[in-house]
Amino acid sequence: MKDKIVLSQGFEIQGADFVRGGEASCQIVEALRDLAFPPEIVRRAGIASYEMEMNMVLYADHGMLSLTVTPDAIMIFADDQGQGIPDIELAMQNGYSTATQEIREMGFGAGMGLSNIKKNSDKMQITSTVGEGTKVHIVIEANGARSNS
Amino acid sequence: MKLSRIIEELGLQLRTESCDLDCEVRGCYIGDILSDVMANSAEGYIWLTIHVHPNITAVAEFKGLSGVIVVNGRVPEPETLKKAEEHKIPIFTTGLSSYEIAGRLYLMGLKRAAK
């Protein structure tokens, strides 16, 4: 069956938790390595996942980061409850950011996160409702890429 | 270029235990904007930064960097070192600036490897 789920994991993400921020993506990377995906695919998934996770830490109240792996694809879904994005097209522009000075001082908020997600995924979908939250869904094609599949 | 040679010639202070210091350094990137480092560094690069918080470890892990040099005499947070040891990422400190470290690396012959 082509759409069989190989692995499904979910991680709760807490807004403003900078100490644990990034840990879910580390676990996703480990899981993908265990599934024997090639290093380049794992690296792309890691970068995209990390940017998605940190966006929730930086801007949302809380959220879920989920990983679903099928034989054909790696799918990562970020679903948060938070302020939302008023203008997605603007937010997608490289360099545009609404980050506070405090966030920028930590090296975040340069307006590169969403473009990094896009660059490292094959499909990216983003929807948002102001005052409710944001959903980001990415797909990384991995058709037959696993060395033991 | 071996990481161990860089440590010796630049007099870097190693702040983490149980890391591979025999690995090959393929290039260097300087950056204090994490997404920029994610976008423009590459596997095997050594990273020069002023940041001391635990997220530098995540960036190094996702990019497969060979190590992180925290410059300007800044001191990594204990949580940063703990996470770095978990992921076996060597973290160094130096009183020198990014410019001085990068200049010395370049003179040692460390050029930018293909990404």
Can you give the accessible area per residue of chain A, in Å², using a 1.4 Å probe?
49
Strictly greater than 34 Å: what percent of every Cα pair in the protein assembly as shown meets that?
18
Coarse-grained scattering of the range A:1-143 at q = 0.12, 0.20 Å⁻¹, given as base-10 log I(q)/I(0) from a Debye sum over alpha-carbon atoms
-0.45, -1.22
Rounded, prolate or oblate, given the Cα gyration tensor of chain B, with a/c below 1.5 counting as rounded?
rounded
Quick one: buried accessible area between B and A, total over both chains, 1.4 angstrom probe, nearest 100 Å²?
1800
Give the Cα extents of the range A:71-127 along the principal axes, in whole Å, largest first.
43, 21, 19
Give me the one-decimal nm value for the distance between modelled label points at A:GLU30 and B:VAL75, 7 Å along each residue's Cα-to-Cβ direction.
3.0
For the range A:67-149, which GluC sites (Glu not before Pro) pass both filters: DSSP loop (anything but H, G, I, E, B) and at most 15 other C-beta atoms within 10 Å?
A:GLU132
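Which percent of the accessible area of chain A is formed by carbon and sulfur heavy atoms (probe 1.4 angstrom)?
C and S atoms contribute 49 percent here.
What average count of beta carbons from other chains do you get within 10 Å of the Cβ of residues in A:26-32? Intermediate values should be presented prior to the final figure.
Details: counts 7, 0, 0, 4, 2, 0, 0.
For peptide A:26-32, the averaged partner shielding equals 2.
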Where does chain A land at 222 nm, in deg cm²/dmol rounded to the nearest 500, when only DSSP H runs of n ≥ 4 count, each adding -39500 (n - 2.57), divided by all residues?
-10000 deg cm²/dmol
Given the options B:SER18, B:TRP47, B:VAL75, identify the residue whose Cα lies farthest towards the positive end of the charge dipole of chain B (+1 on Cβ of Lys, Arg; -1 on Cβ of Asp, Glu).
B:TRP47
Express as a percent, rounded to the nearest 5, the fraction of DSSP beta bridges in chain B (both residues included) that run antiparallel.
20
Amide H neighbours of B:CYS28 under 5 Å, counting only residues 5+ apart in sequence or on other chains, H built in-plane at 1.01 Å?
B:ILE46, B:ALA113
How far is helix A:39-59 tilted off the main Cα axis of chain A, in degrees rounded to 10, range 0 to 90?
30
Lysines near A:LYS135 by alpha-carbon distance under 22 Å, same-chain residues fewer than 8 away left out - which ones?
A:LYS118, A:LYS119, A:LYS123
Computed about the Cα centre, the charge dipole of the protein assembly as shown from +1 Lys/Arg and -1 Asp/Glu charges at the Cβ has a magnitude in debye, to the nearest 20, of 860
Quick one: Cα centre-to-centre distance for the range A:53-110 and the range A:20-46, in angstrom?
18
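Kindly rank B:100-111, B:62-73, A:28-39 from highest to lowest mean number of other beta carbons found within 10 Å of each residue.
Working: B:100-111: 14.6, B:62-73: 22.1, A:28-39: 17.2.
Sorting B:100-111, B:62-73, A:28-39 by mean packing, highest first, produces B:62-73, A:28-39, B:100-111.
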Work through the residues other than B:HIS87 whose Cβ is under 11 Å from its Cβ and net out their charges, Lys, Arg +1 and Asp, Glu -1.
-2
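The values are calculated or read from the model by the stated rules, or taken from the named source; none is laboratory data. No experiment lies behind these values; they were computed from the predicted model shown. Cβ sites come from the backbone with ideal geometry, for glycine too, and all protein chains shown count toward neighbours. What goes into the accessible areas is simple: the full protein's heavy atoms, side chains included, and nothing from ligands, DNA or RNA. Shrake-Rupley method; radii C 1.70, N 1.55, O 1.52, S 1.80 Å.
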